[in-house]
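Worksheet for the structure shown next.
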Amino acid sequence: AEGIMTGLSVLVSEKQVNELLEQRTGLRALVRSSCNVLLFGIFLALYTILALWEDFPGQRAFEHHLRRRFDLEAPMPVSEVESAGDFWQYTRKSLLPAMYGQDTRKYYYPGAVVEKMLPMEGGNRLYGVARLRTLRVVPDADCRIAGRFSSRFKSCYGPYSVSAEDRAPFGPTADDGKPEYRYVKAGGPQFTGKLATYSSNGYMRALTSNYDQTLQSIRKMESEGFVVANTRAIFYEFTVYNFNLGLYAVIRLAFEVAPSGRWIPTFQADVITQRHLSPLGFGSTIEWLLLVGDALLIMFVLRYVFEELSELWGMKRRCDYFMDAWNLVDWMNLILIVATLIKRIETWSLSSDVDPYLGDPAGQRVSTFTNMYSVADNVRTIRGILAFNAVLTWFKAVKYVNVVPYISLFMQSVTKSQRHLAAFIIVFCTCFFGFIVAFNVAFGQATTVFRTGWKSGIFLLRTFLGDTNFSIVYEAAPFMGSLLMVSFILGIFFVMMGLFSAIMISAMSDVLRFQDKEEAQKWANTVERLQQMGINIYERLLSELPGLYSRVLNRRKKREELEQLRDQAHFERQLAKMPDDLLALGPGSPTYGRRQRKALASVAIKDEDSDGSEADLGPLFAAEQLQIRDADDSGIPASPRGMPHAGPGLGTGPSDPREPPPQVVQLIISATSHVAGGIVERTRGARTVLFGEMADSRDVLLGISSVLRVLVQRSQHLEAQQEDLLRRFARGPG
């Protein structure tokens, strides 16, 4: 194929420069994009494996076994506890048999040995000792007695709060001369129940491996008023360890007591593994691999953090970086991963404080209680972060598979509508919060599901899944309930959801319109490349047939000469049709510097004119004049064989390292000189036309000035004649 000198084309066509840059950077960008996709795929797989490494089915089976043992299949489930008497009955019928077994005679056999870790059925053992803990409130805190009842009721007991805690000792006198039951400050996280958030302190008693000692202690507490009217929370706290599975079950049986007298029981069990307590767990191969996976995950996080920082640093306006929602998702994902690692390290650091007491069972007491609730709370937090971050991590995968048309449409739609969605979220949250307040105020007293603002919000959110029963609202208040239900459905479902649909449809419509234009442009580029490929094939065929090429070249030259003569004749006819005043402008004429457009491919700039003319480049008419040609042995110019066509861009491209011949350089210089001379002549012509127009304007203005001078003189004469006539009329006849 014939190499083409495209330096001038670059000067007149920015499109060719963009195509060259795309060709040079396309392969590099493809490799970089492929590497990014591969790395993210490894990161995604690694994160998923680390999130799913736990044996959740085994943990679930262990937790369900303990729940059935202490609650569901116990002689008395915790749901039946509704008073202090029921609580002590549950302790005797369900809790103690579940911990010590149904056959308690073995503890009274002569020579019976008290175990350091109380054995339970199924390979389970009590990890240390169990703990009974209660919380009380002081009298007249957050409550009032009406004046007419003050003589009969001396005090009242309000709801629980940390500030209202009763910390005074009570009970019979102990051996040291002080009340036996004393307030103990213990470490650990707070417990958030259904009525309040409770501290980790309180009045505590230990349930040891000695069954008889524990039973006597329970009977004593029941008789001495360990649970009374001002008790607001009771907790049974202990840990069960299974040697077969290597799992720990941190159990808390909570009984909340409302000021109204209602008891709300809760069974909570958190199952943790050995790897939650130490980085290597039991030191198995899988646990070693998981530790290596954590290290690799840290490396991925550092890599993505530096990538985001470089992107932020490279932007001129830093605020634009944070306006992109994808960047916010990336940072949230990375921050949550780092938070998970920090929380995991913090949990490992707590492992030294969770060893059970293995000394003499006679020394077991409240101070030897193994408090694993900090570890369980951290594990629960880690699992919650992992659950939420897994959604973000897999959602980020959408960015890396955007080659799929619908995914690309989705991404562009979300990006285009993010500002409108932000405004929609603000409006939606405002309206939704108003309905939360309305339902809580209207039905909070009559219905449990609306007792708090949080419960009201959960009820209304469930309406989006169709999992609510509005008959509760209607039965509580027929008129107000119906009004609020209709308002909620119209305001949220019809107006808000309609607005959301309109935002997404509008954004998707704009993206589709843009994609259609982009596809049309790509198709036009493809057609143009195919045409160029056909021209290249045609030129190569000619180079293989020198005789045919010579005849084609001669025929082309003759055609060009005839077209030049025809264009010149057409130009002369056009000049003859022009008005004389337009011809008189010379170089100042609007048509100066243009010529009739040829049918051949032109190197001139393609403008918007539709008069069939083009810029006059002097001796340069077509791109073929810039072709680099060699001469064969017969003296006939021919294209060099085996040389591919040079692509558009600066110079002849890497496929044609030769310098252009002198005749091509001279042709470009001549064309440039012609254009520059035309510009100079056009400027001079414009100057002449301008000065001529200014001279004509001066003559016209001078003529107007003479006329105005004559008119002024005539008006003065008329004024004098009028004054003379007026004087004559004033004197009268004679």
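The values are calculated or read from the model by the stated rules, or taken from the named source; none is laboratory data. Owing to the predicted nature of the structure, the values given are computational and were not obtained by experimental measurement. All Cβ positions, glycine included, derive from the backbone under ideal geometry; neighbour counts span all protein chains shown. These area figures cover heavy atoms from the full protein model, side chains too; ligands, DNA and RNA do not enter into them. Shrake-Rupley method; radii C 1.70, N 1.55, O 1.52, S 1.80 Å.
Within the range 170-194, restricting attention to residues that are among the hydroxyl-bearing types (Ser, Thr, Tyr) and open to solvent by 50 Å² or more (accessible area, probe 1.4 Å), which residue is farthest from Val227 (Cα to Cα)?
Thr192
Take the range 244-262 and flag every residue that is open to solvent by less than 30 Å² (accessible area, probe 1.4 Å) and either among the polar types (S, T, N, Q) or touching a residue at least 40 places away in the same chain (Cβ under 8 Å) (or both). First the steps, then the outcome.
Step one: filter the range 244-262 for residues open to solvent by less than 30 Å² (accessible area, probe 1.4 Å), giving 246-258.
Residues satisfying the conditions are Leu247, Tyr248, Ala249, Val250, Ile251, Arg252, Leu253, Ala254, Phe255, Glu256, Ala258.
Kindly indicate whether Arg152 is among the basic types (Lys, Arg) and open to solvent by less than 40 Å² (accessible area, probe 1.4 Å).
No; evaluated as a whole, the condition is false for this residue.
Restricting attention to the range 283-302, and to residues there that are open to solvent by 40 Å² or more (accessible area, probe 1.4 Å) and touching a residue at least 60 places away in the same chain (Cβ under 8 Å), which single residue is farthest from the chain's Cα centre (by Cα)?
Applying the filter and picking the extreme gives Ile286.
Return the total of residues in the range 304-347 being among the hydrophobic types (A, V, I, L, M, F, W, C) and in contact with an Asp or Glu (Cβ under 9 Å, 6 or more places away or on another chain). Please lay out each step first, then the result.
First, the residues of the range 304-347 that are among the hydrophobic types (A, V, I, L, M, F, W, C): 305-306, 309, 312-313, 315, 319, 322-323, 325-326, 328-329, 331-332, 334-339, 341-342, 345.
Subset that is in contact with an Asp or Glu (Cβ under 9 Å, 6 or more places away or on another chain): 331, 334, 341.
Matching residues across the range 304-347 total 3.
When the range 176-204 is examined, which residues are found to be on the phi > 0 side of the Ramachandran plot and touching a residue at least 40 places away in the same chain (Cβ under 8 Å)?
Correct list: Gly188, Gly202.
Counting only residues that are within 34 Å of the chain's Cα centre (by Cα), under 17 Å from Phe493 (Cβ atoms) and of a type in the set (A, V, I, L, M, F, W, C), how many does the range 431-482 have?
Total meeting the criteria: 12.
Lys154 is checked against (1) more than 30 Å from Asp212 (Cα to Cα); (2) at pLDDT below 85; (3) in a helix (DSSP H, G or I); (4) not hydrophobic (A, V, I, L, M, F, W, C) and fails just one. What number does that condition carry?
(3)
Could you check the range 451-480 and list, in sequence order, the residues that are outside any helix (DSSP H, G or I) and open to solvent by 90 Å² or more (accessible area, probe 1.4 Å)?
Quick first cut of the range 451-480, residues outside any helix (DSSP H, G or I) only: 451-452, 466-470, 477.
Of everything in the range 451-480, just one residue is outside any helix (DSSP H, G or I) and open to solvent by 90 Å² or more (accessible area, probe 1.4 Å), namely Arg451.
Sort out which residues of the range 367-426 are outside any helix (DSSP H, G or I) and open to solvent by 30 Å² or more (accessible area, probe 1.4 Å), and write them in order of number.
Matches in the range 367-426: Asn371, Val401, Asn402, Val403, Val404.
For the range 157-195, name all the residues that are assigned to a loop (DSSP other than H, G, I, E, B) and over 55 Å from the mean Cα position of the chain (by Cα). If you could, list the steps in order and put the result at the bottom.
Pass one, the range 157-195, residues assigned to a loop (DSSP other than H, G, I, E, B): 157-161, 166-169, 174-178, 182, 185-190, 193-195.
Passing the criteria: Ala174, Asp175, Asp176, Gly177, Lys178.
Quick one: which residue in Ser209, Ser223, Ser200 is over 21 Å from Ile264 (Cβ atoms) and either open to solvent by 10 Å² or more (accessible area, probe 1.4 Å) or not small (Gly, Ala, Ser) (or both)?
The unique qualifying residue is Ser223.
For Ala446, which of the numbered conditions (1) of a type in the set (A, V, I, L, M); (2) assigned to a helix (DSSP H, G or I); (3) free of Cβ contacts under 8 Å to residues at least 40 places away in the same chain; (4) more than 28 Å from Ile407 (Cα to Cα) fails to hold?
Result: Ala446 fails condition (2) only.
Tell me the residue from Arg167, Arg92, Arg131, Arg136 that is open to solvent by 60 Å² or more (accessible area, probe 1.4 Å) and within 19 Å of Ile218 (Cα to Cα), please.
Residue meeting the stated conditions: Arg92.
With respect to Ser589, determine if the residue is surrounded by 12 or more Cβ atoms within 10 Å (Cβ to Cβ), modelled with pLDDT under 70 and polar (S, T, N, Q).
yes
Taking the options Arg684, Arg698, name whichever one is among the charged types (D, E, K, R), within 30 Å of Ala615 (Cβ to Cβ) and either open to solvent by 90 Å² or more (accessible area, probe 1.4 Å) or in contact with a helix residue (DSSP H, G or I) (Cβ under 6 Å, 6 or more places away or on another chain) (or both).
Arg684
Of everything in the range 112-128, what is open to solvent by 60 Å² or more (accessible area, probe 1.4 Å) and modelled with pLDDT of 85 or more? Give them in sequence order.
Step one: filter the range 112-128 for residues open to solvent by 60 Å² or more (accessible area, probe 1.4 Å), giving 113, 115-116, 121, 125.
Of everything in the range 112-128, those that are open to solvent by 60 Å² or more (accessible area, probe 1.4 Å) and modelled with pLDDT of 85 or more turn out to be Glu115, Lys116, Arg125.
Considering only the range 481-494, how many residues are open to solvent by less than 20 Å² (accessible area, probe 1.4 Å) and without any contact (Cβ under 8 Å) to a residue 24 or more places away in the chain? Quick ask: steps written out before the conclusion?
Going residue by residue through the range 481-494, those that are open to solvent by less than 20 Å² (accessible area, probe 1.4 Å) are 481, 488, 492.
In the following step, the residues that additionally are without any contact (Cβ under 8 Å) to a residue 24 or more places away in the chain were identified as none.
Adding up the residues that qualify gives 0.
Tell me, which residue of the range 68-89 that is open to solvent by 70 Å² or more (accessible area, probe 1.4 Å) and acidic (Asp, Glu) is farthest from Ser217 (Cα to Cα)?
Glu73
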